[in-house]
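S.K.: Sharing a structure, written as structure tokens. Questions coming.
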Amino acid sequence: MFDSILALFLSIPVLIVFVYTSRRRDLDHIPTVGYSDPFLSWLSAIRYIHNAPAIISEGYALYPKGAFKIAMIDGWNVILNGNQYISDLNGADPSILSSVMALADMFQFEATLGDKITKHSHIITVIRTSLTRNINARFHDITEEVVRSFDAGIPCEGEAWTSVPAYQLAADVICRVTSRYLFDEPLCNDPNIRVICEQATGEIFKGRFVRYLPESSKPFVARLITKVHGLHAGMMQCIGPIIENRLERRQLNGADCTEEEPNDIITWLIDGAINAGQSPTVADISTRVLLISFTSIHTTSAVFTTILYQLCMNPQDVATLRDEVQRVVQAENWTRLAVTKMHNLDSYLRESQRLHTIANLSVVRMPLEEYTFSDGLVVPGGIILSINTFSRHRSADHYLSPDTFDGFRYAREGGQGQSLATGPSMEYHSFGHGRSACPGRFFATAEIKLMLAHLIAHYDFKMEYDVYPEKIIFEGNALPNREAKVLFRRRV
Ligand code: HEM
């Protein structure tokens, strides 16, 4: 008994020292929304987990052109409101304001995916070049897989309505379509690959909780609470022999054989590594495939689901979009050009990404050294910065009737001068901004628009209950409800 009281008594100073030293003080010059006292800031940090929109709206109302900070469990997040910050981030050198290091730090990649992924980030070049440039060439495959996957996911009988959990449908279809694009047949039909790709997001995301912990425990805890290492081993088993085979062929035939190589992610990543002066290995390519799955599958599924819910709430918009899809497909068939010409649909996607953006805080950066913004604001290296996307997307300074969902807000006759869903701008940050804007956005929007066009052309759909399903708020993320069901009926 006495021992326990003594231990408690002795642990109090340790706790006080921990609390006071765990929040850095070199951000004291930036105003705080919530408590700034190291002790009380923990209350704000807990509130932030499920109430970020209210907190960051308060910060925007108080400092519309300035910056403020909020407490997270594991440190401060500096949030930028004003236009000048967007211009500064746009012009900043990624080796000073780093998006890769911010992402790696937030999800503790070193403990899950290893440190090579940040040391050699040629994966971004591969996504920007080979992965994006092949969308036209592989569009037929994607279209075939969209049709096949929706047929499997929506088991309609006659004219009866079929009820389907919308998010799961989106994730299944996107996982199949993305796997088809990345691996092509027959590899994409390997169910192990699909399961690994789908699980990668959730498992890598758990790294967010590893960040809460002391440094020395991270590698051990990451193995304990995430399945990333197991998924990596599984991916190596699935694609390892193919990678080895291709590397051997290259060794024998040199660069001469590259023309005959399959047009898939394995070839693109091998080329990407060689072009960056690296030696491609089975382990490294498997890690990068997991990272692509992390960045692509559930982001795209979430965005698709938010639009599907919105369309269910606005049947009159579906009628307008159906006219467009039928007119364009009649002229261009189911091609990439057709999807590009669906200007109303593109506007709908951009508007949905404005009001239902899945990242209320985006353009996340880590200064690798002290950085001074153009208004004189100085931030130290190693912190997390982000843009207040939630508030900027709802600001009357940027939009007329900002709280109204207007799906055709950006649509222009023939698409002339239209602001596109893929185009970051001063008032639209759903794909980030500047040199580190999402490199996968052209593939993601092509995939989402094709899937929506297919549904609009071939199905009637409505919500099970006539309300927009409540979102899941976790820190800066606003994800679509995962339980809500949509009813589908095949059109005759
Ligand atoms: C609709 C789906 C998607 C959304 C909403 C989305 C959103 C974003 C956002 C907001 C960023 C941060 C950009 C910035 O900080 O400026 C980002 C970065 C990134 N995205 Fe996407 N993304 C999507 C799909 C994809 C896909 C399909 C891929 C890969 C094929 C991908 C790969 C990446 C990568 C690698 C980065 C890091 C870029 C860097 O740090 O330089 N994303 N994405």
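S.K.: From (1) surrounded by fewer than 17 Cβ atoms within 10 Å (Cβ to Cβ); (2) of a type in the set (A, V, I, L, M, F, W, C); (3) within 30 Å of Met426 (Cβ to Cβ), pick out the condition that doesn't hold for Leu40.
M.R.: Every condition holds for Leu40 apart from (3).
S.K.: Let me ask something additional. Would you check which residues across segment 187-209 are closer than 21 Å to Thr299 by Cα and either in contact (Cβ under 8 Å) with a residue 60 or more places away in the chain or not in a helix (DSSP H, G or I) (or both) and list them?
M.R.: Correct list: Ile196, Cys197, Glu198, Ala200, Thr201, Gly202, Glu203, Ile204, Phe205, Lys206, Gly207, Arg208.
S.K.: Further question on the same structure: So, in segment 177-186, how many residues would count as being modelled with pLDDT of 95 or more and either assigned to a loop (DSSP other than H, G, I, E, B) or more than 16 Å from the ligand (Cβ to nearest atom) (or both)?
M.R.: So the count comes out to 0.
S.K.: Looking only at segment 450-464, which residues are within 26 Å of the chain's Cα centre (by Cα) and hydroxyl-bearing (Ser, Thr, Tyr)?
M.R.: Once the filter is applied, which keeps residues that are within 26 Å of the chain's Cα centre (by Cα) and hydroxyl-bearing (Ser, Thr, Tyr), segment 450-464 yields nothing.
S.K.: Asp172 - would you say it is under 22 Å from the mean Cα position of the chain (by Cα), among the acidic types (Asp, Glu) and at pLDDT 95 or above?
M.R.: yes
S.K.: Name the pairs whose Cβ atoms lie under 9 Å apart, with the first residue in segment 461-489 and free of Cβ contacts under 8 Å to residues at least 24 places away in the same chain, the second assigned to a strand (DSSP E or B), and 6 or more positions between them or separate chains?
M.R.: Pairs that qualify, where the first residue is free of Cβ contacts under 8 Å to residues at least 24 places away in the same chain and the partner is assigned to a strand (DSSP E or B), are Tyr465/Lys485; Ile472/Ala478; Ile472/Leu479.
S.K.: Out of segment 397-413, which residues are charged (D, E, K, R) and exposed (fewer than 15 other Cβ atoms within 10 Å of the Cβ)?
M.R.: Across segment 397-413, the qualifying residues are Asp397, Asp403, Arg412, Glu413.
S.K.: Considering only segment 384-404, I want to know if a residue exists there that is closer than 23 Å to Ile292 by Cβ, under 23 Å from the mean Cα position of the chain (by Cα), within 11 Å of the ligand (Cβ to nearest atom) and hydrophobic (A, V, I, L, M, F, W, C).
M.R.: For segment 384-404, residues closer than 23 Å to Ile292 by Cβ, under 23 Å from the mean Cα position of the chain (by Cα), within 11 Å of the ligand (Cβ to nearest atom) and hydrophobic (A, V, I, L, M, F, W, C): absent.
S.K.: Can you name every residue in segment 434-450 that is assigned to a helix (DSSP H, G or I) and aliphatic (A, V, I, L, M)?
M.R.: Residues satisfying the conditions are Ala444, Ala446, Ile448, Leu450.
S.K.: Mind checking which residues of segment 117-165 are among the basic types (Lys, Arg) and within 15 Å of the ligand (Cβ to nearest atom)? So that I can check it myself, show each step before the final result.
M.R.: Applying the first criterion (among the basic types (Lys, Arg)) to segment 117-165 yields 119, 128, 133, 138, 148.
Residues satisfying the conditions are Lys119, Arg128, Arg133, Arg138.
S.K.: Further, regarding this structure: Against the condition in contact with a Lys or Arg (Cβ under 8 Å, 6 or more places away or on another chain) and farther than 29 Å from Met101 by Cα, how does Glu261 come out, does it pass?
M.R.: The answer is yes for Glu261.
S.K.: Got a number for residues in segment 451-484 being part of a helix (DSSP H, G or I) and farther than 16 Å from Glu144 by Cα?
M.R.: 1
S.K.: Name the single residue that is farthest from Met451 (Cα to Cα) among those in segment 138-164 being modelled with pLDDT under 95 and among the hydrophobic types (A, V, I, L, M, F, W, C).
M.R.: This residue is Ala160.
S.K.: Can I ask one more? Report yes if some residue within segment 290-303 is within 21 Å of Ile196 (Cβ to Cβ), within 12 Å of the ligand (Cβ to nearest atom) and in contact with a Gly (Cβ under 7 Å, 6 or more places away or on another chain); otherwise report no.
M.R.: yes
S.K.: So in segment 240-272, with the set limited to residues that are in contact (Cβ under 8 Å) with a residue 40 or more places away in the chain and of a type in the set (Gly, Ala, Ser), which one is farthest from Ile117 (Cα to Cα)?
M.R.: For segment 240-272, the residue satisfying everything is Gly240.
S.K.: Another question, if that's okay. Given the structure, is Asn263 outside any helix (DSSP H, G or I) and either among the hydrophobic types (A, V, I, L, M, F, W, C) or within 29 Å of Glu185 (Cβ to Cβ) (or both)? If you could, list the steps in order and put the result at the bottom.
M.R.: Numbers: outside any helix (DSSP H, G or I): yes; either among the hydrophobic types (A, V, I, L, M, F, W, C) or within 29 Å of Glu185 (Cβ to Cβ) (or both): yes.
Criteria met by Asn263.
S.K.: Also, I was wondering about something else. Output the number of residues of segment 179-218 satisfying the condition of being in contact with a Ser or Thr (Cβ under 6 Å, 6 or more places away or on another chain), buried (at least 23 other Cβ atoms within 10 Å of the Cβ) and of a type outside the set (A, V, I, L, M).
M.R.: Looking only at that region, the number is 2.
S.K.: Which of the numbered conditions does Ile55 fail, given that it passes all the others? Conditions: (1) among the β-branched types (Val, Ile, Thr); (2) within 16 Å of the ligand (Cβ to nearest atom); (3) more than 17 Å from Arg208 (Cα to Cα); (4) part of a helix (DSSP H, G or I).
M.R.: Ile55 satisfies all of (1) among the β-branched types (Val, Ile, Thr); (2) within 16 Å of the ligand (Cβ to nearest atom); (3) more than 17 Å from Arg208 (Cα to Cα); (4) part of a helix (DSSP H, G or I) except (2).
S.K.: Let me ask something additional. So, restricting to helices (runs of 4 or more DSSP H) that lie completely within segment 273-387, which ones have at least 1 residues that are of a type in the set (A, V, I, L, M, F, W, C), under 30 Å from Ile49 (Cβ atoms) and touching a residue at least 24 places away in the same chain (Cβ under 8 Å)?
M.R.: Passing ranges, in order: 282-313, 343-355.
S.K.: Ok, one more. Can you name the condition, by its number, that Ala54 falls short on among (1) surrounded by 15 or more Cβ atoms within 10 Å (Cβ to Cβ); (2) at pLDDT 95 or above?
M.R.: (1)
S.K.: How many of the residues making up segment 444-466 are away from the ligand (no atom under 16 Å from the Cβ) and charged (D, E, K, R)?
M.R.: 4
S.K.: Could you go through segment 344-353 and let me know if any residue there is out of contact with any Ser or Thr (no Cβ under 6 Å at 6 or more places or on another chain), of a type in the set (A, V, I, L, M, F, W, C) and either surrounded by fewer than 17 Cβ atoms within 10 Å (Cβ to Cβ) or under 23 Å from Val173 (Cβ atoms) (or both).
M.R.: The answer is yes; a qualifying residue exists.
The values are calculated or read from the model by the stated rules, or taken from the named source; none is laboratory data. What you see is a predicted model; the values in this text were computed from it and never measured. Counting neighbours? That spans all protein chains shown, and the Cβs are built from the backbone with ideal geometry, glycine included.
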